[in-house]
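A.B. asks: Sharing a structure here in structure tokens format.
The values are calculated or read from the model by the stated rules, or taken from the named source; none is laboratory data. These numbers come from a predicted model, not from an experiment. Don't worry about glycine lacking a Cβ; one is built from the backbone with ideal geometry, like all the others, and counts go over all protein chains shown. For accessibility, only protein heavy atoms count, side chains too; no ligands or nucleic acids. Shrake-Rupley method; radii C 1.70, N 1.55, O 1.52, S 1.80 Å.
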Amino acid sequence: MFRMTKKSDLLPGTLDMLILKTLTRAPLHGYGIALSIKHLSADVLTVEEGSLYPALQRLLLQGWVKAEWKMTDTNRRARYYTLTAAGKKQLGIEMSQFEQMIEAIGRVLSDAQEA
Amino acid sequence: MSGLVKLFRKFGVLFGRKRFRDELDEEMAFHRAETEKAYVADGMSPAAARSAAARRFGNATRLREQSHEVVGFRAETVLQDLRFSLRQMRQSPGFALTAISILALGMGVSVAIFGFVDAALLQPLPYADPSRLADVAEASATSPRSDLSRADYEDWKRLNHSLSALDVYGGSGYLLATPSGAVPVPALRVTDGFFSTLGVKPLLGRVFLPGEDQPGKSKIVILTYGSWVKRFGGRSDLVGHSISLSGSAYTVVGILPREFAFAPRGNGEFYVPLLDKNECEQRRSCHNFYGIGRLRDGVTIEAARAEMQAIAAQLAKQYPGSNQGQGASVVPLSETIVGNVRAVLVILLSGAGLLLLIACVNVASLLLVRSESRRREIAVRGALGATPTRLLCQFVTEGLLLAAAGCLAGLGVAAWLITLLLRLMPKDLADYVPFWRLVGLNAHTALFAAGVAALCALLLAATPAVRLSFQDIRVGLGEGGRGAAGRMWQRLGANLVVVELAIAVVLLVGAGLLGQSFYRMLHVEDGFDTTHLATVQIIAPDSIYQKDDQKIALDREITRRLSALPGVESVGITSDLPIQCNCDTDWIRIVGKPFHGEHNEVNERDVTPGYLAALKARLIRGRWFNENDDTTRPQVTVINEALAEKYFPGEDPIGKTIGAGDLSPKSLRQVVGVIANVREGGLDQEVWPSEYFSMYHGPDSFIAVAVRTSQDEKAVLPTIVSTLHQIDHNLGVYGETTMTDQIGSSQSSLLHRFASWLVGGFSAMALLLGVVGLYGVVAYSVSQRTREIGVRMALGAQRATVYKMVMRQAGWLTVFGVSIGLVCSVGASLLMRKILFGVQAWDAPTLAGVAVVLGAASLAASFLPARRAARVNPIEALRAE
């Protein structure tokens, strides 16, 4: 299993992008975000709490997400994060950057295989 | 999002810290609970699920901190650092105490000295718009600032356009009638505008009105606050009443405010308008006033000086007899008042600054030693994840904390030192430098202290920072805090010690030079025996002693009665005692020599026949005065060697005739004797030509008596005073002292004594700090090299070799420090040349002496660690590994 322990283990900014992406569908609490990333990546990516909450604070500070306390289905209080307009824009930027990166890496790798 | 909104949110977090934490805690607790639930759903037991969730989460506090760091301020880590630093201080109170007291000492001394500098040089004089006030005086070839004559003053005042006001003051003295007899009181005679020019408002009554200083006007007086309280008990109804001064009634019109002080005549108690012209003031050539002027708007001091010089030149043409060669001097009033203490104060401040520097360097090297012994702690913290920046912050905080504590303590030391110095200051000196009352901890000193504190803090914060940035954490861990890395510190620490030693040398040389110049000043050639000589001043009231015959009779009576006292060998009376001033001068012309109206200025003294003999002056040629040298015979004079050499080079002056510029028959006198120079002027002044006249030819009402005693001269003083009162209880008797005391309390010797004691104190502290610093470096390096020394000795090194090894290191440091210091001190002493007396700035014996003292002290300081090194037991040293 590949664990995202520290930002440095992933490409920089990837965690922020993943969080923003999971929030595009619906507002989620922290646990929901971690769970969502885990499920969507078919259990390959596990977000550590040690990275998740500082990352959420960072996003809040940048104004890319909003937070509010709501009740869950099981009637517990939880902090739900919602994507803001600025966050949506940022997600677009990050995704295009990421795609360029993947493409570039892919080119390098396919070249290496041919050689 | 804009930075501003971000900042607001940061502030929101800072002030709602608790809420932020609670929310985060709740959020994470929720997360944990959900994880736990998921584990249970997977089939774990609730207990196992709980611990698994907790394990996954790790350290909750650390997590919270990480989240907080994203949004928090540095301020909070600073608080943490501060708490940690305080804990460090508590842990090793010895180190903290030493460092803080050294800093406090350096700070305290420099802030205290700055307090004086501030009062004397920076704060404006206590008058209205003081920067526009000028000291106005005449100038001649022999003295760049000499008194104005009343006639010249009147012309200057009438002709000039640069000054909106010009007033003069002159010293005087009156006999105040009191129930217990006549008391002589120093006073000033001033012109009508004196107080309004200074901008002084009276406490009670009024100041003088225009025209009240003219001849024939009524006799009025203004009292200083001190005099009013001391002599009249501060009676509020005194204004309007009259008091008796030297037999005449003067009406008190005003009382000056408490804070008023007029430094040039600091001891004057009564201010009286000029009124009638005395004998001196009827002559244009008789100078007895100094002027103060207020510059008109837009007029510079240079322009005023130029105009006054032009007026003086015009008067010189108009009255060549009295005014030829008389120029004008116009300088800022502050220059006249503080000019003579400025050089001394600047030197003291520099000395204090050097002491502060040495203190800072000392503490910095203490910090270095400590950071060295904390290498393991640093390494461990680094290994546990502290970033270099974080570690640096910690050390900077510790440095700042030390500086802050040291500076606070330093302010206390400064306050104490200021009161101590003010108490130690002799009364005579304080009278003439009344700005001392402004000395204290005020806004200026606080600002200065803050500046000094910031510099200290910078130095103390920078030292460990520099140290740390060179250090590799892994080395610290790996070697367990010993070995090669110590070399880095040795080099830095050693450099600091060189600086300390060099500064100590500079201060020691300064103290040595000042001490020598003070010694030389007290041991200048006086030309008479200063021991066993009692002196007293007398005012013979004009109302009783009107005629010359009466005054001569009084002089004879005083001489007769005092000579008869037990223990008295001889008695003489003079117009001015020696070692006072080159003043009360006369312009002479030699009969039969070319003369072009130049002013040949010489000191003039009227003395009784026994006076010069009583001083034990040395007669070189001719004869003393005798009882017959009075008005019934042609006037004769005794001259000093300086006059003989200047005006009779290569000739025998005996029998030659001297006269006034116009050679009027009345002024002609024959030289009958030549004496070796008696020092009439101050200790640090050159000896002027002087002529002595017989007191019986022209007696004075202000006289001084010199009494030669066979035993302790101080013991005779009360008897002398009571005898004088027995002769006539109307005599004003004051200033009874001994010649030795008078020399010791003269302004030049006081300033020198003050300066040499203070700088001496500074240099003693500097020596101590420098040597302790050297000891620290050598001792530390020995403790670091214990293992190396053990190995050397195990391999057969002799104890002598070990001694040599350690002493060589100390020796090099000392040689470096002392040589650099010697070079610097020659430069520094060139700067203080101005106040040195009779000693060169590059005085070789002083330099050599300082080098020897410091060398010896350094050797002693390094001997102790060397001995410890030589006593290392090789087996123990190696086993300790």
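A.B. asks: Quick one, what does Rg over Rh come out to for chain B if you take C-alpha atoms and the Kirkwood Rh?
C.D. replies: When Rh is taken as the Kirkwood radius, the ratio is 1.14.
A.B. asks: Moving on to the next point. Sorting B:871, A:76 by accessible area (1.4 Å probe), largest first, what list results?
C.D. replies: B:871, A:76
A.B. asks: Separate question: Taking a probe of 1.4 angstrom, what is the accessible area of residue B:279 in Å², to the nearest 10?
C.D. replies: The value for residue B:279 is about 120 Å².
A.B. asks: Short version: ³J(HN,Hα) in whole Hz for each residue of segment A:51-67, in order, from phi by Karplus 6.51 cos²θ - 1.76 cosθ + 1.60 (θ = phi - 60°), x for Gly and Pro, what are they?
C.D. replies: Taking θ as phi minus 60°, the curve returns 9, 4, 5, x, 5, 5, 4, 5, 5, 4, 4, 6, x, 8, 10, 10, 10 Hz for segment A:51-67.
A.B. asks: Positive end of the dipole of segment B:590-665, charges at C-beta (+1 Lys, Arg; -1 Asp, Glu), about the Cα centre: which of B:643, B:658, B:614 has its Cα farthest in that direction?
C.D. replies: B:614
A.B. asks: Now a separate question. Given R₀ = 25 Å, FRET efficiency for residue B:794-residue B:867 by Cβ-Cβ distance, to 0.05?
C.D. replies: It comes to 0.85.
A.B. asks: For segment B:440-445, take each phi angle, set θ = phi - 60°, evaluate the Karplus expression 6.51 cos²θ - 1.76 cosθ + 1.60, and give the result in whole Hz per residue in order, putting x for glycine and proline.
C.D. replies: x, 8, 10, 4, 4, 5
A.B. asks: For residue A:70, what accessible area in Å² do you get when you roll a 1.4 Å probe over the heavy atoms of the protein chains, rounding to the nearest 10?
C.D. replies: My reading of the accessible area for residue A:70 is about 80 Å².
A.B. asks: While we're here: Can you tell me the alpha carbon radius of gyration of segment B:545-605 divided by the globular rule-of-thumb value 2.2 N^0.38 Å?
C.D. replies: 1.65
A.B. asks: Calculate log10 I(q)/I(0) of segment B:205-272 for q = 0.22, 0.26, 0.27 Å⁻¹, where I(q) comes from the Debye formula with a single equal point scatterer on each Cα and nothing for solvent.
C.D. replies: Result of the Debye calculation: -1.01, -1.30, -1.36.
A.B. asks: How much length is gained if the chain between residue B:56 and residue B:842 is pulled fully straight, taking 0.36 nm per residue apart and subtracting their Cα-Cα distance, in nm to one decimal?
C.D. replies: 275.2 nm
A.B. asks: Moving on to the next point. Could you check what % of the DSSP bridge pairs in segment B:215-350 are antiparallel, to the nearest 5?
C.D. replies: In segment B:215-350, DSSP labels about 60 percent of beta bridges as antiparallel.
A.B. asks: Taking a 1.4 Å probe, which of B:740, A:22, B:632 shows the most accessible area, and what order do the others take after it?
C.D. replies: B:632, B:740, A:22
A.B. asks: Also, I was wondering about something else. For residue B:140, list long-range residues whose amide hydrogen, built 1.01 Å from N in the peptide plane, is under 5 Å from its own amide hydrogen.
C.D. replies: Distant-sequence amide H within range of residue B:140: B:145, B:146, B:327.
A.B. asks: Along the Cα-to-Cβ line of residue B:22, 7 Å from the Cα, sits a label point; which residues in segment A:31-70 have backbone N less than 15 Å from it?
C.D. replies: Answer for this model: A:69.
A.B. asks: Would you pull out the residues with amide H under 5 Å of residue A:80's amide H, same chain only if 5 or more places away, H placed 1.01 Å from N?
C.D. replies: Here A:68, A:69, A:70 satisfy the definition.
A.B. asks: Quick one: accessible surface of residue B:275, probe radius 1.4 Å, all protein chains present, in square angstrom to the nearest 10.
C.D. replies: My reading of the accessible area for residue B:275 is about 10 Å².
A.B. asks: Let me ask you something else. What is the pair-distance distribution P(r) of segment B:787-881, computed from all Cα-Cα distances in 5 Å bins starting at 0, with each bin given as a whole percent?
C.D. replies: Bins of 5 Å from zero give 3, 12, 17, 14, 11, 10, 8, 7, 6, 5, 4, 2, 0 percent of pairs.
A.B. asks: When the helices in chain B are scored as -39500 (n - 2.57) per DSSP H run of 4 or longer and the sum is shared across all residues, what 222 nm value do you end up with, to the nearest 500 deg cm²/dmol?
C.D. replies: Roughly -18000 deg cm²/dmol at 222 nm, from the helical runs in chain B.
A.B. asks: Let me ask something else. Residue A:102 versus residue B:416, label points 7 Å from Cα toward the beta carbon: distance in nm?
C.D. replies: 7.5
A.B. asks: Estimate the FRET efficiency between residue B:37 and residue B:389 by the formula 1/(1 + (r/R0)^6), using the beta-carbon distance for r and 35 Å for R0, to the nearest 0.05.
C.D. replies: About 0.30, to the nearest 0.05.
A.B. asks: Next question, about the same structure. Out of all DSSP beta bridges in the protein assembly as shown, what portion is antiparallel? Express it as a percent rounded to 5.
C.D. replies: Bridges in the protein assembly as shown are about 80 percent antiparallel.
A.B. asks: List every residue whose amide H lies under 5 Å from the amide H of residue B:275, counting only residues 5 or more places away in sequence or on a different chain, with H placed 1.01 Å from N in the peptide plane.
C.D. replies: B:214
A.B. asks: I would also like to ask the following. Using 15 Å as the cut-off for backbone N distance, which residues of segment B:650-684 belong to the label zone defined by a point 7 Å from the Cα of residue B:618 along Cα→Cβ?
C.D. replies: Only B:674-679 fall inside the zone, counting backbone N under 15 Å.
A.B. asks: Distance between the C-alpha centers of segment B:522-574 and segment B:339-359? Whole Å please.
C.D. replies: 43
A.B. asks: Working with all protein chains in place, sort B:545, B:696 by solvent-accessible area computed with a 1.4 Å probe, largest first.
C.D. replies: Descending order: B:545, B:696.
A.B. asks: Also: Using R₀ = 51 Å, calculate the FRET efficiency as 1/(1 + (r/R₀)^6) where r is the Cβ-Cβ separation of residue B:520 and residue B:447; round to 0.05.
C.D. replies: About 0.85, to the nearest 0.05.
A.B. asks: Contact order normalised by length for chain A, with contacts defined as Cα pairs under 8 Å and 6 or more residues apart; what percent is it?
C.D. replies: 27
A.B. asks: Taking the Cα atoms of chain A, what is the range of coordinates along each of the three principal axes, in descending order and whole Å?
C.D. replies: That gives 59, 31, 22 Å along the principal axes, largest extent first.
A.B. asks: Among the DSSP beta bridges whose two residues both lie in segment B:221-295, what percent are antiparallel, rounded to the nearest 5?
C.D. replies: Expressed as a percentage, antiparallel bridges in segment B:221-295 total about 65.
A.B. asks: State to the nearest 20 debye the size of the charge dipole of segment B:153-281 about its Cα centre, where the only charges are +1 on K and R beta carbons and -1 on D and E beta carbons.
C.D. replies: Computed charge dipole of segment B:153-281: roughly 380 debye.
A.B. asks: Turning to a different aspect of this structure: Tell me, in nm to one decimal, what length is gained between residue B:542 and residue B:123 on full extension, where the rule is 0.36 nm per residue of separation less the Cα-Cα distance?
C.D. replies: 146.6 nm
A.B. asks: Still on this structure, please answer the following. Could you calculate the contour length gain from residue B:302 to residue B:316, that is, 0.36 nm times the residue separation minus the distance between their Cα atoms, to one decimal place in nm?
C.D. replies: 3.0 nm
A.B. asks: Would you please state the base-10 log of I(q)/I(0) at q = 0.23 1/Å for segment B:170-289, with intensities from the Debye formula using one equal scatterer on every alpha carbon?
C.D. replies: Reported log10 I(q)/I(0), two decimals: -1.58.
A.B. asks: Output wanted: per-residue J couplings in Hz (rounded whole) for segment B:242-248, from phi through Karplus 6.51 cos²θ - 1.76 cosθ + 1.60, θ = phi - 60°, x for Gly and Pro.
C.D. replies: Per-residue couplings from phi come out as 10, 10, 9, 10, 6, x, 10 Hz.
A.B. asks: Give me the compactness ratio for segment B:601-737, meaning the Cα radius of gyration over 2.2 N^0.38 Å.
C.D. replies: Its radius of gyration relative to the 2.2 N^0.38 Å reference: 1.17.
A.B. asks: Right, another one. For chain B, what is the relative contact order in percent, using Cα pairs closer than 8 Å and at least 6 residues apart in sequence?
C.D. replies: 15
A.B. asks: To one decimal place, what orientation-averaged projected area in nm² is obtained for the convex hull of the Cα set of the protein assembly as shown?
C.D. replies: Computing the convex hull of the Cα atoms and averaging its projections yields 65.8 nm².
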